[in-house]
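Okay, so here's the structure we're looking at.
The values are calculated or read from the model by the stated rules, or taken from the named source; none is laboratory data. Since the model is a prediction, treat every value here as computed from it, not as a measurement. Every residue, glycine among them, receives a Cβ derived from its backbone with ideal geometry; neighbour counts consider all protein chains shown.
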Amino acid sequence: MSGPLDLILRQGHLPDGRTADVGVAGGHIVAVEPHLAATAPTELDCAGHLISPPFVDAHFHLDAARGLGDRVNRSGTLLEGIALWGDIKPELTVEAVYDRAMAYCDLAVAQGIGAVRTHVDICDPRLVAVEALLAVREAVRPYLTLQLVAFPQDGYLRDRDAAPLLHRALDLGVDVVGGIPHFERTTAEGDASVVALCRLAAERGLLVDMHCDETDDAASRHVEVLAREALRHGLQGRVVGSHLTSMHAMPDAYVAKLLPLLAEAGLGAVSNPAVNLHLQGRFDGYPRRRGLTRVPELIAAGVPVAFGQDCVQDPWYPLGTGDLLDMAWIGAHATQLMSQAGLRACFDAVTTAPAALLHLDGYGLAPGCRADLVVLAAADPVDAVRRRPARRWVLRGGEIIAQTAPRDTRLALAGRPIAPRW
Ligand code: FE2
């Protein structure tokens, strides 16, 4: 390390178990050492706190967030959500989508989110959401990284206008190729959409992230075609299957063949635990399936898995707070990843794993990385998942962009401490 520092975070716990000072200069981490002798104009006392790179939401729908209005999804199904969204779309304006999205980005930053991959519905002849979210992407760039996925909500082949609209959206600067094969009219057309969209991504040099097999139907197996096309085009490490919930219902013998194929194809997986616990199992009586993809088995097979939020107060889901530690917490329960290693994997699923799936530059805690950091009142990643504490400081490029006062509960119990110590 040489030269003056702008900022030092003192004596924080790092996710790997070290306790260290983190030195920042010129917007980047320049030193991570047990004790830095240098001083800096700003020093943050991080004793007893966890210093992490920011949370990354691998799967979101920013155009629909808080977009439900007075309507209600009575069946709680994906299909009724799509129908409701179809009613809402003609009423959308660029200004309204922009304002809602900007407000959500404020919330995301306050919760320590540094990057969001948001699907944007291109099945709209006006491309209202595309225009709004491209503007939002530029407006928030200094403090939040947005990656836009061209998402044909009504089906790339099922909606006869989707193909030219998707091409137009990519021409306008949307980043990633999306899809929804299980919503095409037939299995064959679902497979054909995967083939066409992967070819398009290969031709344009773009990443792929498809909604894939978001159903309890064990026969929905588009993910195997997604893997095959990734291999065919040399797209290993560049293709993500989102949801993959049909894997929950598939026969074990088929999954035993599928998992090595996904690993061979370098596929990433995104599970959205809160939303899929809510949407899946709706055609079951009892016992009622959880409907999530097979997260522990994917991880064990070498397939990287991220947890996304998917929705906040939209036609598919009435809750959501922008807190990815909620996703880690509920994901741990839904997938029974409750060992220390499993809980650690749940923390990774909202930090390092999605950062890799999104190909984020300069992400991490090593010298040379961007000084994008979150400081939490937690001893380690497992403690962070357990407590889901306030984000004490959120930094972007070494600047504090959000801070939250710690909880300060006072007990009035005779003979007991003034604050709970658990
Ligand atoms: Fe989604």
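Brief remarks follow.
- Hey, Ala201 buried (at least 16 other Cβ atoms within 10 Å of the Cβ), assigned to a helix (DSSP H, G or I), in contact with a His (Cβ under 8 Å, 6 or more places away or on another chain) and assigned by TED's automatic domain parsing to the domain that holds Cys346 or not: yes
- Gly76 being surrounded by fewer than 20 Cβ atoms within 10 Å (Cβ to Cβ) and within 16 Å of the ligand (Cβ to nearest atom): yes
- Pairs meeting the criteria (first residue in region 44-63 and among the acidic types (Asp, Glu), second residue away from the ligand (no atom under 16 Å from the Cβ), beta carbons under 6 Å, at least 6 apart or on different chains) are Asp45/Arg10; Asp57/Ile113; Asp63/Val97.
- Residue within region 275-282 that is away from the ligand (no atom under 16 Å from the Cβ) and under 20 Å from the mean Cα position of the chain (by Cα) present: no
- Qualifying residue in region 257-273 (condition: under 16 Å from Gly190 (Cα atoms), within 15 Å of the ligand (Cβ to nearest atom) and at pLDDT 95 or above): no
- The residues on offer are Thr409, Thr352, Thr404, and the sole one that is surrounded by fewer than 21 Cβ atoms within 10 Å (Cβ to Cβ), hydroxyl-bearing (Ser, Thr, Tyr) and free of Cβ contacts under 8 Å to residues at least 60 places away in the same chain is Thr409.
- Hey, Asp57 under 19 Å from the mean Cα position of the chain (by Cα), over 19 Å from Gly112 (Cα atoms) and crowded, with 22+ Cβ neighbours inside 10 Å or not: no
- Residue match in region 91-98 (condition: touching a Gly at 6+ places or on another chain (Cβ under 9 Å), closer than 30 Å to Ile51 by Cβ and in a loop (DSSP other than H, G, I, E, B)): no
- Selected residue [modelled with pLDDT of 95 or more, assigned to a helix (DSSP H, G or I), among the small types (Gly, Ala, Ser) and more than 18 Å from Leu92 (Cβ to Cβ)] from Ala135, Ala129, Ala169, Ala163: Ala163
- Of all residues in region 267-304, exactly one satisfies the criterion of being over 24 Å from Asp326 (Cα atoms) and in contact with a strand residue (DSSP E or B) (Cβ under 7 Å, 6 or more places away or on another chain), namely Leu267.
- Matching entry among Ala115, Ala129, Ala108 (being buried (at least 24 other Cβ atoms within 10 Å of the Cβ) and within 17 Å of the chain's Cα centre (by Cα)): Ala108
- Of the criteria (1) within 16 Å of the ligand (Cβ to nearest atom); (2) over 15 Å from Arg294 (Cβ atoms), which one Leu235 fails: (1)
- Hey, Val223 in a loop (DSSP other than H, G, I, E, B), buried (at least 19 other Cβ atoms within 10 Å of the Cβ), within 16 Å of the ligand (Cβ to nearest atom) and hydrophobic (A, V, I, L, M, F, W, C) or not: no
- Residue within region 270-292 that is under 26 Å from Ala101 (Cβ atoms) and assigned to a loop (DSSP other than H, G, I, E, B) present: yes
- Test for Leu84: is it farther than 22 Å from Ala132 by Cα, within 16 Å of the ligand (Cβ to nearest atom) and assigned to a helix (DSSP H, G or I): no
- Unique match (being modelled with pLDDT of 95 or more and either touching a strand residue (DSSP E or B) at 6+ places or on another chain (Cβ under 8 Å) or charged (D, E, K, R) (or both)) among Ala402, Ala341: Ala402
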